[in-house]
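One structure is given below, encoded as structure tokens.
The values are calculated or read from the model by the stated rules, or taken from the named source; none is laboratory data. No experiment lies behind these values; they were computed from the predicted model shown. Every residue, glycine among them, receives a Cβ derived from its backbone with ideal geometry; neighbour counts consider all protein chains shown. Note: accessible area is taken over every heavy atom of the protein model, side chains too, but ligands, DNA and RNA are not part of it. Shrake-Rupley method; radii C 1.70, N 1.55, O 1.52, S 1.80 Å.
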Amino acid sequence: MSYKKNDSQDNSKKELTERYETGLSQNSIPYFDQHEVSEIVDWYASNGNFVQAQAVLDYGLSIHPGSTILLVEQAYLYLDLSKLKEAKLTAESIVDKTDTDVVILKGEIYLNEGNLKAAEEMFFSIDKADLPDIEVIQNVAQLYVTMGYAEKAIEWLAGEFEKHKDNEDFLLLLADCYYQSLEDNDKAIYYYNQLIDKDPYNPEYWMGLSKAYSKINNFEAALEAVDFALVSDEKCGDAYYLKANTYFQLDNMEMAIKYYDKAIDNFGVSPEYGFTLIGMSYLNSSNWVKAIWAFTEAAKNAEWHPVKDKTLLSEIYSNLGLCYSKKGDYSEANRMCARSIKYAPENPFIHVIDGQVKLQQLDAKGAYESWEKACSLLPEVDIFIQISSHLFEAGYIEAAIHYAEKALEVNPEFAEIYNQLATYCLMSKNVEKFFEYNKKATSPIDLNEIEKHLGSLSDEQKQEYNLFIKQVRNIEESNT
């Protein structure tokens, strides 16, 4: 979803926050009206400083008891902290039940509870006099999209189309909703192009078009669109970030790194996240030394940030562990993995990497323990497949089959798993399982093609595969 940036509004919030902090340091907080308190809370919350946001709210409610504006802020702060019960109680305590912001808040609470019908009824109860206000329409539509109901957002906007069809903010919102929907990407492209016709020098419209083309893997058109965004604003950090992501999808790591660097310089991505992406690009290029440099820069920036993102830090150190392991520095690899687990012990994916690092040190027992931890945290297909692939690459074929079969237990309809298992069973020469999985594979292995390449094998290997192929064909004949 695209959001129009309001620099003057941000500057106002920052100035109010600086006044508050100056007063706080001098034990003499100046008077702020309820709107100003709300702005300060927004500033802290948007920067992830929820403790300070709560402190400001406590101060604001002490001088403006029962303020609708501040109680709405309090409820949203509870939602940010996943305290749904407290958010609901706060919303119910607000006296003015018809205030549009209160109605939207209650709708969001219903969506958090999974009660879509009640949320819709709440939104449609908004005073019709407020609906000409584009911000009200935007808030509801953006809320639907954020909660994963893009189609409902489109339905909501359809009722207001005739009134706002010439409003660029409305059309941008509509285009963004179609982009977020499952099946209406062509309409997103249509509306982004309409917006470009109205204002061909608006980089946000070109970036929207670029994302819509990327969604259908038309990367050539996506790059062309983002280049027009940069023609409109050569310092548009968001465009550089988008261009880098497009090259990353194209597996062009050299260009991805170049534009992630430009995105950092032009404030399109935070340094800690930008250097993480540069690190991933070097990692994908097997350039362990430069990957270590990039991830180390990412870690420095993330550690220095006033509000530490523990999940990001965990992933940075996990990738550092993998890079040091690939480089052969196992002592440092283990140290990085331990640090990663300390930051986010409940993240299953870091335990997958920890197991990968241990397996590279031939510590099969340690790898198994890490992977079982990952599976207990998230017993899903993605985890089992990742572990299976690592085992296969390391030559542990039977163990790879075991984890791939666990993935199949979770989702027997996942066709790609049958392809993977057929390959593994071919390598392990497991006749019965190969026949079972190969007949269900979307791309079955052709035994005739296998026979064509036996000439490059040793006599012993050739004999083993000839026997395997004979036994499979015997099973095929007995089943026809």
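Against the criterion of being of a type in the set (Gly, Ala, Ser) and out of contact with any Gly (no Cβ under 9 Å at 6 or more places or on another chain), SER376 qualifies. Criterion applied to GLU15, GLU92, GLU86, GLU21 was being surrounded by fewer than 18 Cβ atoms within 10 Å (Cβ to Cβ), of a type in the set (Asp, Glu) and within 23 Å of ASP309 (Cβ to Cβ), and the one residue passing it is GLU21.
Name the helices (runs of 4 or more DSSP H) wholly inside the range 342-461 in which the number of residues that are of a type in the set (D, E, K, R) and surrounded by fewer than 16 Cβ atoms within 10 Å (Cβ to Cβ) is 1 or more. Outline the logic, then answer.
On the way: elements: 348-360, 364-377, 381-393, 397-410, 415-428, 431-438, 447-452.
Once the helices (runs of 4 or more DSSP H) in the range 342-461 are filtered for at least 1 residues that are of a type in the set (D, E, K, R) and surrounded by fewer than 16 Cβ atoms within 10 Å (Cβ to Cβ), what remains is 364-377, 381-393, 397-410, 415-428, 431-438, 447-452.
Would you call MET280 in contact with a Leu (Cβ under 7 Å, 6 or more places away or on another chain) and part of a helix (DSSP H, G or I)? Quick ask: steps written out before the conclusion?
Details: in contact with a Leu (Cβ under 7 Å, 6 or more places away or on another chain): no; part of a helix (DSSP H, G or I): yes.
So MET280 does not fit the description; no.
In the range 264-279, the residues that are closer than 15 Å to MET253 by Cβ reach residues that are of a type outside the set (A, V, I, L, M) and open to solvent by 40 Å² or more (accessible area, probe 1.4 Å) with C-beta atoms within less than 6 angstrom, at least six apart or across chains, in these pairs: PHE275/GLU297.
Within the range 106-187, considering only helices (runs of 4 or more DSSP H) that don't extend past its boundaries, which have at least 3 residues that are under 21 Å from ALA75 (Cβ atoms) and under 26 Å from the mean Cα position of the chain (by Cα)?
Details: elements: 116-124, 134-146, 150-158, 161-164, 168-180.
Helices (runs of 4 or more DSSP H) meeting the threshold: 134-146.
Of all residues in the range 275-302, those satisfying the criterion of being open to solvent by 50 Å² or more (accessible area, probe 1.4 Å) and either in contact with a Lys or Arg (Cβ under 8 Å, 6 or more places away or on another chain) or at pLDDT below 95 (or both) are SER286, TRP288, VAL289.
Whether any residue in the range 111-118 is open to solvent by less than 60 Å² (accessible area, probe 1.4 Å), free of Cβ contacts under 8 Å to residues at least 12 places away in the same chain and not aliphatic (A, V, I, L, M) is what I want to check.
Here is the first cut: in the range 111-118, the ones open to solvent by less than 60 Å² (accessible area, probe 1.4 Å) are 111, 114, 116, 118.
Next cut, free of Cβ contacts under 8 Å to residues at least 12 places away in the same chain only: 114, 118.
Subsequent filtering for residues that are not aliphatic (A, V, I, L, M) retains 114.
Yes, because at least one residue in the range 111-118 is open to solvent by less than 60 Å² (accessible area, probe 1.4 Å), free of Cβ contacts under 8 Å to residues at least 12 places away in the same chain and not aliphatic (A, V, I, L, M).
Determine whether GLY66 is open to solvent by 40 Å² or more (accessible area, probe 1.4 Å), under 30 Å from SER25 (Cα atoms), touching a residue at least 24 places away in the same chain (Cβ under 8 Å) and of a type in the set (Gly, Ala, Ser). I'd like the intermediate steps shown before the answer.
Values: open to solvent by 40 Å² or more (accessible area, probe 1.4 Å): yes; under 30 Å from SER25 (Cα atoms): yes; touching a residue at least 24 places away in the same chain (Cβ under 8 Å): yes; of a type in the set (Gly, Ala, Ser): yes.
Criteria met by GLY66.
A quick yes/no check of all residues on (1) among the basic types (Lys, Arg); (2) open to solvent by 50 Å² or more (accessible area, probe 1.4 Å); (3) part of a helix (DSSP H, G or I):
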site	(1), (2), (3)
GLN194	no, yes, yes
TYR205	no, no, yes
ALA221	no, no, yes
GLU234	no, yes, no
ALA239	no, no, yes
ALA263	no, no, yes
TYR273	no, yes, yes
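Screening the range 207-219 for residues that are of a type in the set (A, V, I, L, M) and in a helix (DSSP H, G or I) and picking the one that is most open to solvent (accessible area, probe 1.4 Å) gives MET207.
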